[in-house]
Amino acid sequence: MTAATVHASAVQTGDIGILIRGPSGAGKSRLAFELILAGRAGYLPPTQLIGDDRLLLRVQDGRLHAQPAPELEGLIEIRGLGIRHCDFVPQAVVGLVVDLSAVDAARMPEQDSFCTSLCGIRIPRIPIGEGFDAVPLVAAALLTSPLDASLPAAFS
């Protein structure tokens, strides 16, 4: 079993774990909370926090699992309010990676930018440019299907 600790946030939307990466200040916690709100509003399937700031990743049965660092379980930073308690799931299978402030983000991204590899597991990915609203892109990836049948499974 491969394990790693990453500086990231994650939520579970329906059955899909979404790992949110990016540099400090890119909006990882904000995106996680916005996705939780979108799930509560019915724009997305029900969405809960997995973890914020630091996550443990492990490979089990050929799938990548994310869980919060034990000391941060159920905690999320809300800018302007500080650290808050939030309902959370103890672990989920990562089915999508969202990279904030991604240097390869583009209006029409190259096909190879839609995948990444973590702990030896290939996972669908969305590269999002600095300052761009990520919620509509994540919602579109989850709620629509691509014209290009060769895109990763999470996009179909």
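The values are calculated or read from the model by the stated rules, or taken from the named source; none is laboratory data. Please read these numbers as outputs of a predicted model, since none were measured by experiment. Glycine gets a Cβ as well: all are built from the backbone with ideal geometry, and neighbour counts include every protein chain shown.
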Residue pairs, Cβ under 9 Å, 6 or more apart or interchain, first in region 1-16 and under 23 Å from Ala141 (Cα atoms) and in a loop (DSSP other than H, G, I, E, B), second of a type in the set (Ser, Thr, Tyr) and at pLDDT 95 or above. List them. Gly14/Thr47
Would you tally the residues in region 21-68 being surrounded by 15 or more Cβ atoms within 10 Å (Cβ to Cβ), on the phi > 0 side of the Ramachandran plot and of a type outside the set (Gly, Ala, Ser)? 1
Considering each of Leu96, Leu72, Leu100, Leu143 in turn, give the residue that is buried (at least 16 other Cβ atoms within 10 Å of the Cβ), over 14 Å from the mean Cα position of the chain (by Cα) and closer than 25 Å to Pro45 by Cα. Leu72
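Working only within region 61-85, note down all residues that are in a loop (DSSP other than H, G, I, E, B) and in contact with a helix residue (DSSP H, G or I) (Cβ under 7 Å, 6 or more places away or on another chain). I'd like the intermediate steps shown before the answer.
Taking region 61-85 and keeping what is in a loop (DSSP other than H, G, I, E, B), we get 61-62, 69, 73-74, 79-81.
Within region 61-85, just Arg79 meets the criteria.
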Test set (1) part of a loop (DSSP other than H, G, I, E, B); (2) surrounded by 20 or more Cβ atoms within 10 Å (Cβ to Cβ) - Arg107 fails condition number: (2)
